[in-house]
Amino acid sequence: MSDYDIIVIGSGAAGLTAALNLAPHRKVAVLAKGALGGGATEWAQGGIAAVLEEGDSFDAHVQDTMIAGAGLNNREVVEHVVAGAPAAIARLAELGVPFNIDDDGAGWHLTREGGHSHRRIVHVADATGWAIQHALEKAAVANPSITILTDRVAIDFATGRHASDFSTSGAVHGLYAFNRGTGEVETLTARATVLATGGAGRAYLYSTAPRGATGDGIAMAWRAGCRISNMEFMQFHPTCLYNLVVKNFLITEAVRGEGGVLKHPETGHRFMPDYDERAELAPRDIVARAIDSEIKRDGLDYVHLDISHKNPDFVRSHFPTIYDKLIALGIDITKEPIPVVPAQHYTCGGVLVDIDGRTDAPGLYAAGEVSQSGLHGANRLASNSLLECLVYGEAAARHILKCWDELPETPAIRAWDESRVTDSDEEVVIQQCWGEIRRFMWNFVGIVRTTKRLERAKHRIDLLRREVQDYYAHFRVTPDLIELRNLVEVADLIIRSALSRHESRGLHYTLDYPETGAIADDTILVP
Ligand code: FAD
Ligand code: SIN
């Protein structure tokens, strides 16, 4: 059993921010289920939203966030996060993130994205996440108070129920994690645990999210007794590259922000003005549904995103990653349009937290995409996510340090028990179940929903749940099995949340309840 002051599960923007804020005062362990940079943070393209332009205001950023969130946001949280943005970005710059500078050299270059009424996005060309992840990693690795534990797959929290002196306190005292190097399950204990495991995009067949986005933290928190909220609000990014080989490459919204237009691939018609007066810069739920509608109506494989009318030097310098990636696939974006389709992109719901990042379980905090803080409401405004990671990573750390003496003491925790399981003789079951879930989630719980489709999905997930539980009870854990067990749990939470919402709001659009209700209420599932 290894004991730390605090364990942070996840090494993306939220986890590393929490760790760096804790490290001056406490010993911290940071877990990642693969390499340090395996989360969504490294893949972020567009940037981080903050009020930095002359004429912009916190009020306007709050207003834009609430409009995108279709009134479901918690205003106090939105104000808190928006106000924290400029300082959070300044701290990243101090850590060495080389944000692009404006042409006149007077300040950072701000790009524009959908739903924002001002230029507001600081960025490092179109590879902002890479620059942030590497600056945070460098600082964490250099910090002697931070122990980095890569290749550790968290399985479940160690709670009072796992203590040698059994207790029903509900408190979290650390976790059990599978060590990929040794093949053993380790018990890691701490006085506080910060959950920063990212989203659950891989519950869907098509997603821009990395392979590890299997909702592990959401499922773990649910099993530990925490409430989970707003899981029906799965965000679909309008413009993922359509390519038969490269299946999940994002084309940043900033391409539309800098003048890219969406066109019907056969007629060349620019269709977004037919759907919304903000055209390509409408919030992404509207743009994704418009593309979905064009594709379904005309039986298309994709639509076109075209920025070839802009100066080629401008395009190459603003979008070097996209330019290089696509040129290697035979598409020159300075001369021709990009085939795009919507794909799952962001999990708005998650583990319910308060303004300090506290969950329902004493000793457990959550920050970033794994959480539901009240910031995003029914639809996240572009580039507010990295911002949330930074503000909540810091908030959780601050609260842990302030309330250190009130946090539960760590009891002796029982070791992982493998006495009643054997090695699996049917790995094929895992691949089969995984594929099934992702396919029916895409087809039945996607951009446009109906009650009938959701019920079909519920029926299937109930069957798979029983199968996976049975498998888990009999066989030794592997990373794939851990992820599948979580994926089943999370898919079930998404379907149940979607079934319980009898209206269309933000990202949840159902043909059976097309109107938005008068009262905006969060969906809260209680274990
Ligand atoms: P992540 O960065 O996803 O990190 C999760 C961490 O948890 C990883 O270290 C992983 O190893 C670890 N982990 C997961 N499960 C386990 C487990 N079982 N055991 C141990 N460790 C585990 N947002 C913006 O604001 N601006 C953008 O421009 C932007 N662009 C994006 C582009 C793409 C392609 C994608 C996919 C997302 C984008 N987003 C953007 C969203 C944003 O990147 C993410 O919401 C954010 O990075 C999430 O950070 P996080 O720290 O919560 O989690
Ligand atoms: C993008 O660059 O389009 C993604 C921005 C985001 O997800 O906030």
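The values are calculated or read from the model by the stated rules, or taken from the named source; none is laboratory data. Keep in mind that this is a model prediction, so the values were computed, not measured. Every residue, glycine as well, gets a Cβ built from its backbone with ideal geometry; the counts of neighbours run over all protein chains shown. For accessibility, only protein heavy atoms count, side chains too; no ligands or nucleic acids. Shrake-Rupley method; radii C 1.70, N 1.55, O 1.52, S 1.80 Å.
Would you confirm whether any residue within the range 53-76 is within 11 Å of ligand 1 (Cβ to nearest atom), part of a loop (DSSP other than H, G, I, E, B), open to solvent by 10 Å² or more (accessible area, probe 1.4 Å) and polar (S, T, N, Q)?
No; the residues of the range 53-76 include none that is within 11 Å of ligand 1 (Cβ to nearest atom), part of a loop (DSSP other than H, G, I, E, B), open to solvent by 10 Å² or more (accessible area, probe 1.4 Å) and polar (S, T, N, Q).
Would you call residue 335 open to solvent by 10 Å² or more (accessible area, probe 1.4 Å) and either under 20 Å from residue 282 (Cβ atoms) or not in a helix (DSSP H, G or I) (or both)?
yes
Out of the range 362-405, which residues are β-branched (Val, Ile, Thr) and assigned to a strand (DSSP E or B)?
none
Could you tell me whether residue 378 is within 16 Å of ligand 2 (Cβ to nearest atom) and hydrophobic (A, V, I, L, M, F, W, C)? Spell out the reasoning first.
Details: within 16 Å of ligand 2 (Cβ to nearest atom): yes; hydrophobic (A, V, I, L, M, F, W, C): yes.
Considered against the rule, which asks whether it is within 16 Å of ligand 2 (Cβ to nearest atom) and hydrophobic (A, V, I, L, M, F, W, C), residue 378 comes out as yes.
Quickly run through the range 469-527 and pick out the residues that are out of contact with any Ser or Thr (no Cβ under 8 Å at 6 or more places or on another chain) and among the basic types (Lys, Arg).
If the condition is that a residue be out of contact with any Ser or Thr (no Cβ under 8 Å at 6 or more places or on another chain) and among the basic types (Lys, Arg), then 485, 496 are the ones that fit.
Would you tally the residues in the range 321-332 being assigned to a helix (DSSP H, G or I) and open to solvent by 50 Å² or more (accessible area, probe 1.4 Å)?
The number of residues fulfilling the criteria is 5.
May I ask you to say which residue of 96, 105, 160 is away from ligand 2 (no atom under 16 Å from the Cβ), out of contact with any Asp or Glu (no Cβ under 8 Å at 6 or more places or on another chain) and open to solvent by less than 10 Å² (accessible area, probe 1.4 Å)? Explain how you work it out, then say what you get.
Numbers: 96 fails: open to solvent by less than 10 Å² (accessible area, probe 1.4 Å); 105 fails: open to solvent by less than 10 Å² (accessible area, probe 1.4 Å).
After applying the criteria, what remains is 160.
Against the definition (free of Cβ contacts under 8 Å to residues at least 40 places away in the same chain, open to solvent by 40 Å² or more (accessible area, probe 1.4 Å) and either touching a strand residue (DSSP E or B) at 6+ places or on another chain (Cβ under 6 Å) or more than 16 Å from ligand 2 (Cβ to nearest atom) (or both)), how does residue 148 come out, yes or no?
no
Checking the conditions here, which among 382, 343 is within 16 Å of ligand 1 (Cβ to nearest atom), within 23 Å of the chain's Cα centre (by Cα), open to solvent by less than 50 Å² (accessible area, probe 1.4 Å) and at pLDDT below 95? Even if it seems obvious, please write down each step before you answer.
Details: 343 fails: at pLDDT below 95.
After applying the criteria, what remains is 382.
Restricting to the range 112-150, what's the tally of residues that are within 9 Å of ligand 1 (Cβ to nearest atom) and closer than 29 Å to residue 28 by Cα?
Within the range 112-150, residues that are within 9 Å of ligand 1 (Cβ to nearest atom) and closer than 29 Å to residue 28 by Cα number 6.
Name the pairs: first residue in the range 60-88 and over 18 Å from residue 114 (Cα atoms), second residue of a type in the set (Lys, Arg) and at pLDDT 95 or above, Cβ to Cβ under 7 Å, at least 6 apart or on different chains?
Hits for this filter: 72/505.
Which residues, counting only those in the range 231-282, are assigned to a loop (DSSP other than H, G, I, E, B), open to solvent by less than 10 Å² (accessible area, probe 1.4 Å) and within 16 Å of ligand 1 (Cβ to nearest atom)?
Passing the criteria: 231, 233, 251, 252, 253, 260.
Just to be sure before I move on: is residue 13 surrounded by 21 or more Cβ atoms within 10 Å (Cβ to Cβ) and either without any contact (Cβ under 8 Å) to a residue 24 or more places away in the chain or within 15 Å of ligand 1 (Cβ to nearest atom) (or both) in the structure I sent?
Details: surrounded by 21 or more Cβ atoms within 10 Å (Cβ to Cβ): yes; either without any contact (Cβ under 8 Å) to a residue 24 or more places away in the chain or within 15 Å of ligand 1 (Cβ to nearest atom) (or both): yes.
Considered against the rule, which asks whether it is surrounded by 21 or more Cβ atoms within 10 Å (Cβ to Cβ) and either without any contact (Cβ under 8 Å) to a residue 24 or more places away in the chain or within 15 Å of ligand 1 (Cβ to nearest atom) (or both), residue 13 comes out as yes.
Taking only the range 295-317 into account, find how many residues are in contact with a His (Cβ under 9 Å, 6 or more places away or on another chain), open to solvent by less than 40 Å² (accessible area, probe 1.4 Å) and at pLDDT below 95.
1
Can you name every residue in the range 315-361 that is of a type in the set (S, T, N, Q) and either in contact with an Asp or Glu (Cβ under 8 Å, 6 or more places away or on another chain) or without any contact (Cβ under 8 Å) to a residue 12 or more places away in the chain (or both)?
Residues of the range 315-361 that are of a type in the set (S, T, N, Q), as a first pass: 317, 321, 334, 344, 347, 359.
Selection gives 321, 347.
Name the one entry in 393, 374, 350, 363 that is surrounded by fewer than 24 Cβ atoms within 10 Å (Cβ to Cβ), closer than 21 Å to residue 18 by Cβ and at pLDDT 95 or above.
That would be 374, the only listed residue that is surrounded by fewer than 24 Cβ atoms within 10 Å (Cβ to Cβ), closer than 21 Å to residue 18 by Cβ and at pLDDT 95 or above.
Determine whether the range 447-470 contains at least one residue that is closer than 29 Å to residue 167 by Cα, among the basic types (Lys, Arg) and open to solvent by 20 Å² or more (accessible area, probe 1.4 Å).
yes
Sort through 285, 292 and tell me the only one that's modelled with pLDDT under 95 and either within 16 Å of ligand 1 (Cβ to nearest atom) or part of a strand (DSSP E or B) (or both).
Within the list 285, 292, the selection yields 285.
Can you tell me which of 427, 489 is open to solvent by 30 Å² or more (accessible area, probe 1.4 Å) and among the acidic types (Asp, Glu)?
Working: 489 fails: open to solvent by 30 Å² or more (accessible area, probe 1.4 Å).
None of the other options fit; the residue is 427.
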